[in-house]
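For reference, the structure is listed below as structure tokens.
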Amino acid sequence: MLRCESVSKRYGRGRWVLQDVDLEVSGGDVLAVVGGNGSGKSTLLRILVGLSQPTSGQVLGRPQHIGYVPDRFTAHERVSALSYLTHMGRIRGLSGAAARTRAGRLLDRLALVGGRNAALRTLSKGNAQKVALAQALLVEPALLVLDEPWSGLDASAHGVLAEFIGEVSAAGGAVVFTDHREAITETHATGVFAIGDGRVSPRGGPHSGGRVTEVELALTVPVTGVRPLEVNWYALPGVTDAARRDDAIVLRVAREHSDTVLLTALQHHWSVESLTRPGVDHASRVGARRAAL
Amino acid sequence: MIALVRYMFTVMLLSQRYLAPLLLFVGLLAVLTSSDSGPLAATYGSASGGMLVCSVWLTMALIGLEDQTHRSVVVVTAGSHLRVLLGSVGTAALWCLPLTAAGLVLPLLFGSHTFTLADAILGTEAQLTCAFTGIAIGVLCSRLLFRRQGYALLLALILLLAVLLAKGVSPVNVLLGDLQNASDSADLLGSTAVLLAISAGVLAAAVAATQAISVRRS
């Protein structure tokens, strides 16, 4: 659908923020762009949605309906959240009543605190972010672009955001988002691109041949009832997270260390309940099958 | 486009940033046209001068209302930078309409004049000529091109002086000269209409320049 062809960008005579970026986004994709602060993530997103012109190269096939959520949504306006969203809906071609209904439903799902009739400028960062999210979804977007959408949102809104991303992707739309936390990108994206020194390269995900960067390992007490030995999981290589879920222990392990961790667990009499790739159903099934072999 | 103008008009209305230029305009009218009993053409010349200053102020305030992030969202929503810029210009022009009406009516209340249809048309043409030129200056000095409002304000003052003083070149200068020397409003209708068209051209050029520069920089 959307294709970047050797896109490069620099501001004025400054350094190159992006260099020779080739990127293809198809309907149904959920792509994450990871990179440090100032690595050019936001610039890439601004070029994708058409806010910025690339210095060289071109972007082809930009769809008509684009939803864009900026990283900071600081509104100094006195209009209320609902009225703002109604105006945005009208600009997108909805009727006033349809825009108002849709905006109300989105704000309900996001549980906007402070009231839908509160002025935008009185909203807290997280609530303003919810309004920013709602305005991008007033019309089912063919391309949804989110700049660090998880920062500032509360835990319940995280779930709703994941639902929104799933819905857009299920309806055939493409989603591109940035975040600097790998756990989040691994959970939600079907493909991950890393950005550094102005270059964008694919990393992990089905787009680079299904290489899994992290696996989730659930361990339980074996059926025989033998108590397994305690293990300091964090001391093992590659373990990023160890959590207790019901009576199982769920570990997140870097793919290259998963065999070692698995072996250690078995040696300590733990039973493997499941071995999955977090977040992506298709890949997790592949992961499970691989584990069965 | 109507939805866009409606949104920007509402934001401006709620921000109350229109209040200062509006009061300035009414104040200028009161000072310049009270106890005046000369030909209305000259009176409307004064009103047009006030309109020039106030339309610059209104346009700069209107475009400066939204910060960059917020404008980005509106641009993506509306579909293009140009559409949003045209929306801003349309909204500024819309705000100048009530000022024009005030400029037509208030001098009649402040002074004693005989009012004809030709006077009304001439007054409207003259004020809109100044409004278009003022909006053109406002767009060029807006936040779209100047991050630092100090420089923008300085440039706005220089441009204002230039269009007022550039003899024979600026439509505003020609217009004000004509109006001062006119005895009958009906004689000036044709030439003022031409000046109105020229100032609309100036506005279009200013919009094109602003669009080109801001897109290059974005």
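The values are calculated or read from the model by the stated rules, or taken from the named source; none is laboratory data. These numbers were taken from a predicted model, which means no experiment stands behind them. Cβ: placed from backbone, ideal geometry, glycine included. Neighbour counts: every protein chain shown. These accessible areas exclude ligands, DNA and RNA; they are computed on the full protein's heavy atoms, side chains included. Shrake-Rupley method; radii C 1.70, N 1.55, O 1.52, S 1.80 Å.
Under 7 Å between Cβ atoms, which residue pairs at least 6 apart in sequence (or on different chains) link something in the stretch A:81-102 that is more than 8 Å from every other protein chain (Cβ to nearest Cβ) with a partner that is polar (S, T, N, Q)? If the second residue must be polar (S, T, N, Q), the pairs left are A:82/A:117; A:85/A:135; A:96/A:86; A:99/A:86; A:100/A:86.
Of the residues screened, residue A:14 is not one that is touching a residue at least 40 places away in the same chain (Cβ under 8 Å) and either acidic (Asp, Glu) or in the same structural domain as residue A:121 (by TED's automatic domain parsing) (or both).
Here residue A:140 passes the criteria (1) buried (at least 16 other Cβ atoms within 10 Å of the Cβ); (2) of a type outside the set (S, T, N, Q); (3) closer than 20 Å to residue B:78 by Cα except the one numbered (1). Elements of the type helices (runs of 4 or more DSSP H) sitting completely within the stretch B:113-183 and holding at least 2 residues that are more than 22 Å from residue B:197 (Cβ to Cβ): these cover B:149-165.
The C-beta contact set for the stretch A:237-258 (first residue of a type outside the set (Gly, Ala, Ser), second residue assigned to a helix (DSSP H, G or I), distance under 7 angstrom, 6+ apart or interchain) comprises A:237/A:257; A:237/A:260; A:239/A:233; A:239/A:261; A:251/A:233; A:251/A:261; A:253/A:261.
Here's the yes/no breakdown for (1) assigned to a loop (DSSP other than H, G, I, E, B); (2) within 14 Å of chain B (Cβ to nearest Cβ):
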{"residue": "A:5", "(1), (2)": "no, no"}
{"residue": "A:13", "(1), (2)": "yes, yes"}
{"residue": "A:17", "(1), (2)": "no, yes"}
{"residue": "A:42", "(1), (2)": "no, yes"}
{"residue": "A:46", "(1), (2)": "no, yes"}
{"residue": "A:53", "(1), (2)": "yes, yes"}
{"residue": "A:57", "(1), (2)": "no, no"}
{"residue": "A:62", "(1), (2)": "yes, yes"}
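Only a single item in (1) open to solvent by 40 Å² or more (accessible area, probe 1.4 Å); (2) within 14 Å of another protein chain (Cβ to nearest Cβ); (3) among the hydroxyl-bearing types (Ser, Thr, Tyr) is not met by residue B:35, and it is number (2). When A:105, A:72, A:78, A:116 are screened for being more than 8 Å from every other protein chain (Cβ to nearest Cβ) and either crowded, with 16+ Cβ neighbours inside 10 Å or part of a loop (DSSP other than H, G, I, E, B) (or both), only A:116 passes.
In contact with a helix residue (DSSP H, G or I) (Cβ under 6 Å, 6 or more places away or on another chain), within 14 Å of chain A (Cβ to nearest Cβ) and surrounded by 16 or more Cβ atoms within 10 Å (Cβ to Cβ), is that true of residue B:76? Yes: the conditions hold for residue B:76.
Among the residues making up the stretch B:95-105, those that are open to solvent by 40 Å² or more (accessible area, probe 1.4 Å) and over 10 Å from the mean Cα position of the chain (by Cα) are B:98, B:101, B:105.
Of all the residues in the stretch B:144-179, those that are out of contact with any Lys or Arg (no Cβ under 9 Å at 6 or more places or on another chain) and open to solvent by less than 80 Å² (accessible area, probe 1.4 Å) number 18.
Taking the stretch A:138-164 as the range and being touching a strand residue (DSSP E or B) at 6+ places or on another chain (Cβ under 6 Å) and hydrophobic (A, V, I, L, M, F, W, C) as the test, the residues that pass are A:143, A:144, A:145, A:146. Just one of (1) outside any loop (DSSP other than H, G, I, E, B); (2) under 24 Å from residue B:178 (Cβ atoms) fails for residue B:24. It is (2).
Taking the stated definitions as given, is residue B:84 within 14 Å of chain A (Cβ to nearest Cβ), crowded, with 21+ Cβ neighbours inside 10 Å and of a type in the set (Val, Ile, Thr)? When the stated conditions are applied, residue B:84 passes them.
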